[in-house]
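Student: Got a structure here, written out as structure tokens. Questions coming.
Read-outs throughout are calculated quantities, based only on the coordinates presented, and are distinct from any laboratory measurement. Remember, predicted model here, so these are calculated numbers, not experimental data. So basically every Cβ, Gly included, is an ideal-geometry build from the backbone, and we count neighbours across all protein chains shown.
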Amino acid sequence: MSIANGTKIKLKISPCDVNDGIATVNGDPAFEALINPAGYTHSSSITYAENQALGPGSEKKYSKSKPDKIEFKELVLDGTGVVEGTAGSVRTQIALLRKVAYDYNGSEHEPPVVEVSWGPLLFKARMEALKVNYTLFKPSGEPLRAKMDLTFTAYKSTEEVFREASLESPDLTHLVEVKAGDTLPMLCYQIYKDSSYYLAVARLNQLNNFRQLQPGQLLRFPPLV
């Protein structure tokens, strides 16, 4: 991809830090494509639930919107030195990409968040799939060229997931009446099997003090998108 003055803009995959649900590029080494892809696919999808009511017909009802996906097919890695610019060996390029976008983050207990950028494309995401097809080798077996298929799924913070679920699926939202002894983490665990959502639920319900729930109080627990 080039801009009007002819400057080549390379596909870049940059590591991000996430603070308070906001992902920002952190300045650590990024992966840059030596050869830009021919194109990419940006897909969106919606899930519908079948109406289980008795009677004739089967109405499909909106359930949730799935995160967008970006797919790159046959992104070329070159280690022959023929292509202008150097990015190291094929194995070095793959190792950098895995470090930036694939390897499990032990401290965060989840894959890293990255920013995929190429011209007007800016896409905060997590890598969903990485497939490498090696196509050229040295006599020693060292790979000299490879083609990669990459799939990225859009990153959304917990707050964004809850907010969209609340706006888009009010019919699927749980409305819970607080009973004596209930705590927000306990209710989150009962509904989601995960108590860590309590802060997002507190913000959604505009609770000033989630530690002091009142019996009879009604709380909304939207579905996870």
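Student: Determine the gain in length on full extension of the stretch Lys66-Ile22; use 0.36 nm per residue of separation and subtract their C-alpha separation, reporting nm with one decimal.
Tutor: 13.9 nm
Student: Tell me which residues come under 5 Å, amide H to amide H, from Val113 once H is placed; ignore anything under 5 positions away on its chain.
Tutor: Under 5 Å from the amide H of Val113 lie the amide H atoms of Cys16, each far enough along the sequence or on another chain.
Student: Need the list of lysines near Lys99 for cross-linking: C-alpha distance under 22 angstrom, and skip anything on the same chain fewer than eight residues off.
Tutor: Within the straight-line cut-off, Lys99 pairs with Lys10, Lys12, Lys69, Lys73, Lys124, Lys131, Lys147, Lys156.
Student: Right, next: Along segment 80-86, what does the Karplus equation 6.51 cos²θ - 1.76 cosθ + 1.60 (θ = phi - 60°) give for ³J(HN,Hα), rounded to whole Hz, x for Gly and Pro?
Tutor: 7, x, 6, 6, 4, x, 10
Student: Using a Förster distance of 22 angstrom, determine the FRET efficiency expected from the C-beta separation of Glu128 and Ser157, and round it to 0.05.
Tutor: Details: r = 18 Å, r/R0 = 0.81.
Between Glu128 and Ser157 the formula returns 0.80.
Student: If you don't mind, another one. Give me the Kirkwood hydrodynamic radius of segment 12-154, using the inverse of the mean 1/r over all pairs of distinct Cα atoms, in Å to one decimal. Mind dumping the intermediate values first?
Tutor: On the way: mean 1/r = 0.0577 Å⁻¹.
Averaging 1/r across every pair of different Cα atoms and inverting gives 17.3 Å.
Student: Ok, one more. Given a Förster distance of 30 Å, report the FRET efficiency between Phe210 and Leu121 from their Cβ-Cβ distance, rounded to the nearest 0.05.
Tutor: Working: r = 39 Å, r/R0 = 1.29.
For Phe210 and Leu121, the calculated efficiency is 0.20.
Student: Which one of Asn133, Val90, Val114 has its Cα pushed farthest toward the positive end of the charge dipole of segment 12-154, where Lys and Arg give +1 and Asp and Glu give -1 at the Cβ?
Tutor: Asn133
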